[in-house]
Amino acid sequence: MSGEKPWIEGDLAITKSAIDAIYAHAKETYPSECCGFVSGPADDVARCDEAVREVNEADKYHRLDPERFPRTARTYFKIHELRAARAFERGEASGRPIKVIYHSHCDAGSYFSAEDAATFASEGALMWPCAFVVVSVIEGEPKGHQLWVHVPGTNEFREAPIRTVEG
């Protein structure tokens, strides 16, 4: 296990209410990608029970600097890094750490893209202490999700077990 943050290895239990909230977010933002966090109690490392929406700032960055940020929210998501860092700190302090960053793929599968991997791993290190859920949204309807975790010492991610539980 990964010391203080074992959820980064996967095998998570996400509540139906959290998945429903993520799917609703994905449906509302389509044809743009949605993004956010899922937290849960620190003393129940597998449980993920609260989805919190974040703003996808990809379009904002694209408007400001289309050369550096050529992709829009249709195919990319960007979370404000300072807001994310503060959210992770608040979660740790409250005993309800962020265990997952989620986002959707529009009219595509729930795979972890090369862009996703480049965003969340560098020089073999995981950039944020969490796992990742990707939701597939086809023609505006969420069709499924997968959990992805970092492979230590690489910039790669692998699919990991996730189950839906009541709550």
Förster radius 30 Å - calculated FRET efficiency between R163 and S94, Cβ distance, rounded to 0.05: 0.75
I'd like the projected area of the stretch 63-155, averaged over all directions, using the convex hull of its alpha carbons. Report it in nm² with one decimal. 7.2
Expected field for E166, accessible surface area in Å² at 1.4 Å probe radius, rounded to 10, holds 150
How many angstrom lie between the C-alpha centres of the stretch 122-146 and the stretch 1-59? 9
Over the stretch 4-100, with neighbouring protein chains present, the accessible area per residue in Å² at probe 1.4 Å is 51
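May I have the convex hull volume per residue, in Å³, for the Cα set of the chain?
Details: hull volume 17.5 nm³, N = 167.
Measuring per residue, one finds 105 Å³ for the Cα hull of the chain.
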Once the in-chain neighbours fewer than 8 apart are removed, the lysines whose Cα is under 30 Å from K27 read K16, K60, K78, K99, K143
For the stretch 52-95 the translational diffusion coefficient, Stokes-Einstein from a Kirkwood Rh over Cα pairs at 20 °C and viscosity 1.002 mPa s, in µm²/s, is roughly 186
Fraction of accessible area attributable to carbon and sulfur, the chain (%, probe 1.4 Å): 51
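The values are calculated or read from the model by the stated rules, or taken from the named source; none is laboratory data. Remember, predicted model here, so these are calculated numbers, not experimental data. Note that each Cβ is placed from the backbone with ideal geometry, even for glycine, and that neighbours are counted across all protein chains shown. Please note that ligands, DNA and RNA were not included when accessible areas were found on the heavy atoms of the full protein model with its side chains. Shrake-Rupley method; radii C 1.70, N 1.55, O 1.52, S 1.80 Å.
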